[in-house]
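For reference, the structure discussed in these notes is given below.
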Amino acid sequence: MRPMLVFLSAKTCGGVSNRTNIAATMVELLHTATLIHDDVVDEAEQRRGFLSINKIWKNKAGVLLGDYLLAKGLLVALDHDEFRLLKILSETVRRMSEGELRQLKASKLQNTTEEKYFEIISGKTASLISACCECGAVSATEDEVARKKMQEIGELIGLAFQIKDDLLDYGSEDIGKPTANDIQEKKITLPLIAAFNQAPPKVAKTIRKKFKKEKKSKKEIREITEFVHNYGGIEYANNKMLALSTQAWEILNTFEDTEARSMFANLIRFVITRKK
């Protein structure tokens, strides 16, 4: 999806060039590196239905391969003297790392608010999607207004994308990775935050106690999931996701009505309706 955003942004802003190909290559290498590192950190055994690298070759090989792909992605820019693309994506790596560190701290302290949640997902997820759209625009035009619009569209899509991921974690669909992962890892996401805010204090306190446990039984996971559904967490998060995607569409509609813009709008629709 991320390289596709690079191409759609470029097409919407003027057209695909060799710079677009370089940007898409950098993005895909960077994203793959972060996925490998994420699986090591999360001790995940699967990635979208396939065995993870760290499961096959252990953590050390996973970390080294992730580092190699990250370095390769940045060198692609240097090899072609694409210093602006390098600056954008280097800043993105910083924001993604900060987002993951914020989430790690929040899961330990168990003090995530809605404001902190959006700070976390802005860094760990939206920053890369925003960079995809920005790099696509940079590769196609010198128009700074267009670049800024694409950056904003990407940020909004990224926030909506992560909320959708968090909603899927409280669902029942087979998404190619274990559901209830966030519950097991004590990650407080928007559906849970919203339910805590709307539930009676006594009920919320009981669920918080179960959520903080290192190892949770299937019954406890089911109780936490039901709590989120029963106290409006799913509905609240879904409405936030829809509002963000609507903002993205509104900005996108300020660009010329082209086939590329229509395809871009369909991709935004896919982000919020996907099943995995």
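The values are calculated or read from the model by the stated rules, or taken from the named source; none is laboratory data. What you are looking at is a predicted structure, and each value in this text was computed from that prediction instead of being measured. Cβ atoms come from the backbone with ideal geometry, glycine included; neighbour counts cover every protein chain shown.
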Problem - Pick from the range 75-131, criterion farther than 30 Å from residue 18 by Cβ and of a type in the set (A, V, I, L, M), ranking: surrounded by the fewest Cβ atoms within 10 Å (Cβ to Cβ) - result: 109
Practice task
For the range 126-146, enumerate the residues that are without any contact (Cβ under 8 Å) to a residue 40 or more places away in the chain and part of a helix (DSSP H, G or I).
Solution key: 126, 127, 130, 144, 145
Exercise for the section: Enumerate the pairs (first residue in the range 86-115 and in contact (Cβ under 8 Å) with a residue 40 or more places away in the chain; second residue anywhere and surrounded by 13 or more Cβ atoms within 10 Å (Cβ to Cβ) and outside any helix (DSSP H, G or I)) with beta-carbon separation below 6 Å, excluding pairs fewer than 6 apart on the same chain, so at least 6 apart or on different chains. Expected result: 106/112; 107/186; 107/187; 112/188
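Take the residues in the range 91-114 that are more than 24 Å from residue 133 (Cβ to Cβ) and assigned to a helix (DSSP H, G or I), then tell me which one is modelled with the lowest pLDDT. Spell out the reasoning first.
Step one: list which residues in the range 91-114 are more than 24 Å from residue 133 (Cβ to Cβ), which gives 101, 104-114.
Applying the additional criterion that residues be assigned to a helix (DSSP H, G or I) yields 101, 104-109, 114.
Details: 101: 90, 104: 86, 105: 88, 106: 87, 107: 82, 108: 83, 109: 79, 114: 95.
This residue is 109.
Do the conditions hold for residue 88, that is, is it within 20 Å of the chain's Cα centre (by Cα) and either in a helix (DSSP H, G or I) or within 25 Å of residue 163 (Cα to Cα) (or both)? Explain how you work it out, then say what you get.
Details: within 20 Å of the chain's Cα centre (by Cα): yes; either in a helix (DSSP H, G or I) or within 25 Å of residue 163 (Cα to Cα) (or both): yes.
Criteria met by residue 88.
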Problem - Check on residue 237, in contact with a helix residue (DSSP H, G or I) (Cβ under 9 Å, 6 or more places away or on another chain) and more than 26 Å from residue 38 (Cα to Cα) - result: no
Completion exercise
Within the range 214-244, of all residues that are closer than 13 Å to residue 170 by Cα and among the hydrophobic types (A, V, I, L, M, F, W, C), the one surrounded by the most Cβ atoms within 10 Å (Cβ to Cβ) is 228
Fill in the blank from the handout: Counting only residues that are more than 17 Å from residue 85 (Cα to Cα), modelled with pLDDT under 95 and part of a helix (DSSP H, G or I), the range 5-45 contains a total of 11
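Could you tell me whether residue 74 is free of Cβ contacts under 8 Å to residues at least 60 places away in the same chain and of a type outside the set (D, E, K, R)? Spell out the reasoning first.
Numbers: free of Cβ contacts under 8 Å to residues at least 60 places away in the same chain: yes; of a type outside the set (D, E, K, R): yes.
Judged against the criteria, residue 74 is a match.
For (1) modelled with pLDDT of 95 or more; (2) surrounded by fewer than 22 Cβ atoms within 10 Å (Cβ to Cβ), each residue gets a yes or a no:
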site	(1), (2)
148	yes, yes
152	yes, yes
158	yes, no
163	yes, no
168	no, yes
171	no, yes
178	no, yes
181	no, yes
186	no, yes
Exercise for the section: For the range 3-22, state whether one or more residues are more than 25 Å from residue 140 (Cα to Cα) and in contact with a Ser or Thr (Cβ under 8 Å, 6 or more places away or on another chain). Expected result: no
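What helices (runs of 4 or more DSSP H) completely inside the range 165-276 contain at least 3 residues that are of a type outside the set (Gly, Ala, Ser), in contact (Cβ under 8 Å) with a residue 60 or more places away in the chain and under 24 Å from residue 8 (Cβ atoms)? Working first, answer last.
On the way: elements: 181-184, 190-198, 201-211, 218-230, 233-252, 259-273.
Correct list: 233-252, 259-273.
Answer yes or no as to whether residue 223 is of a type in the set (Asp, Glu) and either within 23 Å of the chain's Cα centre (by Cα) or at pLDDT 95 or above (or both). Spell out the reasoning first.
Details: of a type in the set (Asp, Glu): yes; either within 23 Å of the chain's Cα centre (by Cα) or at pLDDT 95 or above (or both): no.
Criteria not met by residue 223.
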